[in-house]
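Read the structure below first, then the notes.
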């Protein structure tokens, strides 16, 4: 299903010249009657470290269910950023109540706005999951198209003291391909060293949403929750990362340097 969209996105990418004042598509792609496949949910949960699937969906799973809609939107001519090389830079999730395996979900995605970034242009995509017309889950994701720019947006503030380390996770070289098979996100930056180098990365990088899901899997998610995650630096594959947390705050760091790859909170 996603292969034609990926091909279309790859073909259109060289034709797009991203800029923060470009018009955004007005489309709101929508899917109704969405129920997760038990086999797919189990495969996702295993790969991301969630416990054996229960009747409630993992906090990050609606993002995967809605990914075809995001792809449908981002591969249109009207979407101003090139698909190839897009980097996920942040996600904010609000869960009003946990969707369940019995729910029939209505999913929709729309582009909210573009903003200048010191490394290019960011687009914000908003996703909503509804049950019987009531919104149960929303997310707001930013995606960066890297290009030359004169924007002087401030650099993120330096982090505070590192959080206490809880575990080290070795990440294999094929993690991007494995997560791509489960999520449908087969952006070349995640797949192989060669395809990543063509887009400016020294090696394949882990999906931001895998790192987010793996960290959140360490929490017992309440029925309602609010999550804010910033993806600060790519995780090159293979590598070993350190998971650290203190109460609602968590982060993922490189085990052999001072690089913080991800920081977030869950409340």
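Among residues of region 79-96 that are on the phi > 0 side of the Ramachandran plot and in contact (Cβ under 8 Å) with a residue 40 or more places away in the chain, those with a beta-carbon under 9 Å from a residue that is surrounded by fewer than 20 Cβ atoms within 10 Å (Cβ to Cβ) and part of a strand (DSSP E or B) at least six positions away or on a different chain give the pairs 85/146. Restricting region 196-213 to residues that are surrounded by fewer than 16 Cβ atoms within 10 Å (Cβ to Cβ) and touching a strand residue (DSSP E or B) at 6+ places or on another chain (Cβ under 8 Å), the residue that is nearest to residue 147 (Cα to Cα) is 200. Would you check if there is a residue in region 1-8 being surrounded by 17 or more Cβ atoms within 10 Å (Cβ to Cβ), at pLDDT 95 or above, in contact with a helix residue (DSSP H, G or I) (Cβ under 6 Å, 6 or more places away or on another chain) and not in a strand (DSSP E or B)? Looking for residues that are surrounded by 17 or more Cβ atoms within 10 Å (Cβ to Cβ), at pLDDT 95 or above, in contact with a helix residue (DSSP H, G or I) (Cβ under 6 Å, 6 or more places away or on another chain) and not in a strand (DSSP E or B), one finds none in region 1-8, hence no.
Filtering region 171-188 to residues that are touching a strand residue (DSSP E or B) at 6+ places or on another chain (Cβ under 8 Å) and surrounded by fewer than 23 Cβ atoms within 10 Å (Cβ to Cβ) leaves only 171.
Do the conditions hold for residue 193, that is, is it free of Cβ contacts under 8 Å to residues at least 24 places away in the same chain, closer than 30 Å to residue 135 by Cβ and out of contact with any strand residue (DSSP E or B) (no Cβ under 6 Å at 6 or more places or on another chain)? Answer is no for this residue. Exactly one residue out of 140, 108 is under 25 Å from residue 21 (Cα atoms), part of a strand (DSSP E or B) and touching a residue at least 60 places away in the same chain (Cβ under 8 Å): that is 108.
The values are calculated or read from the model by the stated rules, or taken from the named source; none is laboratory data. Source: prediction; values computed, not measured. Neighbour counts are summed over all protein chains in view; Cβ atoms, including those assigned to glycine, are modelled from backbone coordinates with ideal geometry.
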